[in-house]
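Participant: Have a look at the structure that comes next, please.
Every read-out reported here was derived from the displayed coordinates using simple, explicitly stated rules and does not represent laboratory data. Note that this is a predicted model, so its numbers are computed, not measured. All Cβ positions, glycine included, derive from the backbone under ideal geometry; neighbour counts span all protein chains shown.
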Amino acid sequence: MDQPIAALFDDLKQRGLWNDTLILWGGEFGRTMSDNGKTDGTDHNPHGFTMFLAGGAVKGGIAHGQCELGKDGSRAAEGKVHVHDLHATILHILGLNHERLTYRYAGRHFRLTDVFGNIVHEILA
């Protein structure tokens, strides 16, 4: 991943697109640290995983949050970011107010970030 992502970053900067680009790399699950006795690899881990964000709107060279230092490091412990917070932050970077994307249906308010998402200001440039 190192060479291709570095080449992408260099290319975006050379073309003057870095400040207008958000790069997001991640998945819907983290992975456990061990195979848990299985022969086909590690398990899904919904309690602690990594998302990679880069581009002009995001602080470079930081890590936000940390998994527990206990037995297997499988749970987020500090600086937790819920998926609704991630979505709110992405929408903010794209210039959209996630709270205004609300509609009412069946007596309840709905939006992309549910009614919980908060922007993670600590990662913004």
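Participant: Distance from the Cα centre of the range 85-125 to that of the range 1-24, in angstrom?
Facilitator: Cα centroid of the range 85-125 versus Cα centroid of the range 1-24: 26 Å apart.
Participant: Please work out the FRET efficiency for the pair residue 44 and residue 106, using the Cβ-Cβ distance as r and a Förster radius of 35 Å; give the result to the nearest 0.05. Please list the in-between numbers first.
Facilitator: Working: r = 31 Å, r/R0 = 0.90.
For residue 44 and residue 106, the calculated efficiency is 0.65.
Participant: Still on this structure: Suppose only helical runs count, i.e. DSSP H with n ≥ 4. What mean residue ellipticity at 222 nm does that imply for the chain under -39500 (n - 2.57) per run, divided by all residues and rounded to the nearest 500 deg cm²/dmol? Can you show the working numbers first?
Facilitator: Working: 2 runs with 24 residues, N = 125.
Result for the chain: -6000 deg cm²/dmol, rounded to the nearest 500.
Participant: By how many nm would the segment from residue 9 to residue 99 grow when fully extended, if each residue of separation counts as 0.36 nm and the alpha-carbon distance is taken off?
Facilitator: Length gained, residue 9 through residue 99: 29.3 nm.
Participant: Pick out, from 47, 106, 83, the residue whose Cα sits farthest towards the positive end of the charge dipole of the range 2-123, with +1 on the Cβ of Lys and Arg and -1 on the Cβ of Asp and Glu.
Facilitator: Value computed over the given set: 106.
Participant: Given a cut-off of 17 Å, what percent of all Cα-Cα pairs of the chain lie beyond it?
Facilitator: 66
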